[in-house]
1. Scan the range B:71-86 and report the pairs whose first residue is at the interface with chain A (Cβ under 7 Å from one of its Cβ atoms) and whose second residue is of a type in the set (Lys, Arg) and in a loop (DSSP other than H, G, I, E, B), with Cβ atoms within less than 8 Å and a gap of 6+ or a chain change.
2. Within 12 Å of another protein chain (Cβ to nearest Cβ) and under 23 Å from residue B:60 (Cβ atoms), is that true of residue B:193?
3. Would you please name the residue that is nearest to residue A:44 (Cα to Cα), looking only at residues in the range B:171-200 that are assigned to a loop (DSSP other than H, G, I, E, B) and hydrophobic (A, V, I, L, M, F, W, C)?
4. Take the residues in the range B:214-234 that are touching a helix residue (DSSP H, G or I) at 6+ places or on another chain (Cβ under 7 Å) and free of Cβ contacts under 8 Å to residues at least 40 places away in the same chain; name whichever of them is nearest to residue B:73 (Cα to Cα).
5. Here are B:62, B:75: which of them is modelled with pLDDT of 95 or more and of a type outside the set (D, E, K, R)?
6. Output the number of the condition that residue A:19 fails; it satisfies all remaining conditions of (1) free of Cβ contacts under 8 Å to residues at least 12 places away in the same chain; (2) on the phi < 0 side of the Ramachandran plot; (3) hydrophobic (A, V, I, L, M, F, W, C); (4) not in a helix (DSSP H, G or I).
7. Out of all the residues in the range B:118-130, is one or more within 12 Å of another protein chain (Cβ to nearest Cβ), out of contact with any Cys (no Cβ under 6 Å at 6 or more places or on another chain) and free of Cβ contacts under 8 Å to residues at least 24 places away in the same chain?
Amino acid sequence: MGRAGVHPGAAVGAVSAVVLDTDAFRRWMAAAAAAVEREAGHLTELDAAIGDADHGANLRRGFTAVAAELEKGAADSPGAVLTLAGRQLISTVGGASGPLYGTLLRRTGKALGDAGEVGPGQLAEALGAGVAAVGQLGGAKVGDKTMLDALEPAVAALARAADGPGAYAAAAEAAARGAAETVPMRARKGRASYLGERSEGHQDPGATSAALLLAALAEAAGEADQGEGRRG
Amino acid sequence: MLINVPETVVADALRGIAAAHPELTVDVENRLVVRRDAPVEGRVALVSGGGSGHEPLHSGFVGPGMLAAACPGEVFTSPVPDQMVRAAAAVDSGRGVLFVVKNYTGDVLNFDMAAELAEDEGIQVAKVLVDDDVAVRDSLYTAGRRGTGATLFVEKIAGAAAEEGAPLERVEAIGRQVNASSRSFGVALSSVTTPAKGGPSFDLPAGELELGIGIHGEPGRERRPMMTSGELADLAVDAVLEDLPPGGPVLVLVNGMGATPLLELYGFTAEVHRVLGERGVPVARTLTGNYVTSLDMAGCSVTLCRADEELLRLWDAPVSTPALRWGR
């Protein structure tokens, strides 16, 4: 503790990827809570257009609980931070986003095992397991206008850029792009699917909050300013 | 809006239910409404729940002959698994618990997680999914039909079977039969105002109505100019009949969405009976009132359920809850 949480990993070549420790993962969740707080109104507005106008309020309740639980200090590895956060979300959010985000973080955390430090490659692999679990639970796939449309490209971008710096920023950027690409899609899962073609022309609130989560990761990794296309 | 602050509407209402209904056990902190005499020896227990904003569903249906417990979530947001597990543990007599779940992604996911956790605690759990709304057509490309008015029929009829001492498999089978025999169609005359948003959740101009709405302020599938009660009954009953399995007499629920006066609902009930008569469908029982509501939405829904003699007998069986009470 006390040392900088983010530092270059074992040097391979001239510039190397950023490795994250437990403190960095705590900062990730804190940044996610702050982002959800800041963007709650925007998320609710998006949800009012094609859902039921509560996505912002629900995630705010969940991430506030996550931040409070993490402040108690029990989690002592990156995996434990995410597992604890996931359990909190399942217990406090409700709706579809509680089980889906809860499962995403819990499965990602479990896949990280008890590693004390995690690089982009390992995180991409673990996040991939979390995203697969979300797809299985919700029965959705890419193109259905859900959070997966932001998450899957983010995992792919993280894996692609894993060997150098800027991997987390690349993931955040891919997520933001994925969220923006949900605008013309027709929803096939969740409450928006009842609208049929009337769901077209609106950005999916779940994909939007997923992009916030990835932007928070880049922020915690100190790469916040390296991506483009994120909401200002 | 008659509230204190948006954050406490659910807890405030639970305190009110406790005040008005001393015959129920209300746990405000853990968001549970439980039959006072639970667990009832030798009886299967029904547990339901869902987002708040549909009152009296579900808390108003807790009591002998219907639900053993209800788990209210935030407004229009499914409850969390912790609530359902706690409810199941509070009401299980050892003969098992039936979860009655409306088919919405959030409710399904949370109840599924709860079922797994409850089974880990040694509680036998079965589940009936309610999906009666004919307005959702292409189920392959959507989350599937929504659970609406038929929820009342499932909770009343399966609840009566549980009260008689039927085993879990039988109570579950009856619940599934009721759902399979029921269809609904809803219409909005106005949008809905959630406490969190404070404004209408979709924009519906005066003089227009929205057909095929759900109960969460999700817009419907089609908008038409305002029509008369009789014209609307023709349209709604035909939409339901088109999809209702063939069979004998029907139970009829004419359900208000929250802001439509009973005077209008009864007028609409007469029109629904007229249409059913014209289509040669005999009516066995009719219930009119605000039961599965959508906050302050104006509008109504029609639910029909083909009821054989056994379902009718269970429908007529005594029930004693805040919102439904007869027999004894």
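The values are calculated or read from the model by the stated rules, or taken from the named source; none is laboratory data. Please read all numbers here as calculations on a predicted model, not as lab measurements. Because the Cβ atoms are built from the backbone with ideal geometry, glycine has one as well, and the counts that use them run over all protein chains shown.
1. Filtered contacts from the range B:71-86: B:73/B:31; B:79/B:31.
2. Values: within 12 Å of another protein chain (Cβ to nearest Cβ): yes; under 23 Å from residue B:60 (Cβ atoms): yes.
Considered against the rule, which asks whether it is within 12 Å of another protein chain (Cβ to nearest Cβ) and under 23 Å from residue B:60 (Cβ atoms), residue B:193 comes out as yes.
3. Among those residues, the one meeting the criterion is B:196.
4. B:218
5. Values: B:75 fails: modelled with pLDDT of 95 or more.
Only one candidate qualifies: B:62.
6. Residue A:19 satisfies all of (1) free of Cβ contacts under 8 Å to residues at least 12 places away in the same chain; (2) on the phi < 0 side of the Ramachandran plot; (3) hydrophobic (A, V, I, L, M, F, W, C); (4) not in a helix (DSSP H, G or I) except (1).
7. no
Conditions tested, residue by residue: (1) outside the structural domain of residue B:298 (by TED's automatic domain parsing); (2) touching a residue at least 24 places away in the same chain (Cβ under 8 Å); (3) closer than 23 Å to residue B:129 by Cα.
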| position | (1), (2), (3) |
| --- | --- |
| B:23 | yes, yes, no |
| B:29 | yes, no, no |
| B:33 | yes, yes, yes |
| B:36 | yes, no, no |
| B:42 | yes, yes, no |
| B:46 | yes, yes, yes |
| B:49 | yes, yes, yes |
